[in-house]
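Reading through the structure tokens given below for one structure.
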Amino acid sequence: MTSKGTKKKPLQNQPKSVFFRAMPELPDLEVIKENLRKKILGFEVKGVHFLKKSSGKPSPEVIQEGLIGEKLVLVDRRGKFLKFGFKKGSLLLAHLMLEGQLEIKSSGEAPEKGTCAVIDFKEGNGLHFIDPRGWTKLFFYPAGKSGEPEELANLGPEPLSPEFTPEYFREGLRKLRGTLKMALMEQEFISGIGNAYSDEILFKAKISPLKPAKDLTEREKDLLFKCIKETLLWGIEETKTRMGEEVRGEIREFLQVHRKEGQACPRCGTKIQRIEVEGRGTYFCPRCQR
Ligand SMILES: [Zn+2]
């Protein structure tokens with residue numbers, strides 16, 4: 001992540017479990033999804049408030065009209081989107097972008113600084129979308145609209161699903177131009193992996209992030225395929241342990257190389273390096289990942 005002169009202000013009410021703000025990826029969103037299910041599934045929408053008008057697509061008014069009185073019957077994830085499905089068939093997609101976070105607060109509790117939108121439930125609490133950058137987006141699809149939402153239509157397979165096969169992966173890499181770092185983050189190729197977990201996957205596989213995707217040997221492709229699944233499953237478990245019942249924040253302190261510049265590689269002790277790959281801060285061990 002490049003921070004081009006944007007100063008980060010300290011946030012109010014920041015729970016202790018949050019170590020820093022980053023784009024949530026598959027493991028974070030999997031845990032958030034499970035926790036949201038426990039907290040708000042089955043609840044009825046009482047009110048929808050947009051503190052940042054541009055967060056609601058097609059418009060805050062359409063979303064308010066479509067959701068009030070509706071019952072939340074599905075909380076799911078696809079790629080880096082959270083999906084909220086309602087009883088009469090409407091759908092709300094949320095993309096938290098670079099720094100968005102969720103929080104469940106009691107009804108009547110004032111939204112904190114940086115809140116974009118709040119969905120209040122009849123049962124006495126509300127789902128808050130908080131994003132100091134204001135980039136979080138909520139896309140609403142009314143009941144009866146056929147076909148897959150356009151935001152999801154071009155996403156590649158879920159890396160932990162049966163659709164993501166070694167054959168698909170090998171073939172895809174062969175066609176991709178550019179570095180492996182970028183290939184792993186290409187949402188149309190594989191969905192849900194971002195800057196943090198691409199670093200971790202390549203570290204586990206002991207492959208350089210700068211290696212061209214198409215140059216991988218068959219053995220390396222199979223190893224990388226295995227490392228994708230293992231790293232994401234590990235990320236989910238570690239996140240779950242640390243996050244508990246919370247729905248807020250990305251927990252990354254357990255990662256091995258991502259944002260660990262200058263620290264010792266857990267495998268060989270060499271200092272972890274940070275480089276930029278197409279503008280993305282990339283962390284790796286120069287000795288293990290040649
Ligand atoms: Zn190393």
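Observations, loosely collected:
- Heavy-atom accessible area ranking, 1.4 Å probe, most first, across 217, 239: 217, 239
- Förster radius 35 Å - calculated FRET efficiency between residue 163 and residue 44 (Cβ-Cβ, nearest 0.05): 0.55
- Annotated for region 166-284: lysine pairs at least 8 residues apart or interchain, Cα distance under 14 Å, count 15.
- When the solvent-accessible area of region 166-284 is split by element, carbon and sulfur atoms take up 48 percent of it, the probe being 1.4 Å.
- Gyration tensor (alpha-carbon) shape descriptor, region 26-153, a/c threshold 1.5: rounded
- Over the chain, Cα pairs under 8 Å with separation of 6+ residues give a relative contact order of 21 percent.
- Rounded D (µm²/s) - the chain, Kirkwood Rh over Cα pairs, Stokes-Einstein at 4 °C, 1.567 mPa s: 65
- Packing here is the average count of other Cβ atoms within 10 Å per residue, and on that basis the peptides 22-29, 40-47, highest first, run 22-29, 40-47.
- Peptides ranked, highest mean first, by Cβ atoms within 10 Å: ranges 110-117, 142-149: 110-117, 142-149
- Per residue accessible area in Å² of region 61-103, where ligands, DNA and RNA are left out and the probe is 1.4 Å: 37
- Ranked by the mean number of other Cβ atoms within 10 Å of their residues, highest first, the peptides 85-93, 273-281 come out as 85-93, 273-281.
- Point-to-point label distance, residue 217-residue 150, nm (Cα→Cβ direction, 7 Å offset): 4.6
- Protein heavy-atom surface of region 61-129, 1.4 angstrom probe: 51% of the accessible area is carbon and sulfur, with nucleic acids and ligands not counted.
The values are calculated or read from the model by the stated rules, or taken from the named source; none is laboratory data. Because the structure is a prediction, the values reported are computed rather than measured. Neighbour counts run over all protein chains shown; Cβ positions are idealised from the backbone, glycine included. Only protein heavy atoms, including side chains, enter the accessible area calculation; ligands, DNA and RNA are left aside. Shrake-Rupley method; radii C 1.70, N 1.55, O 1.52, S 1.80 Å.
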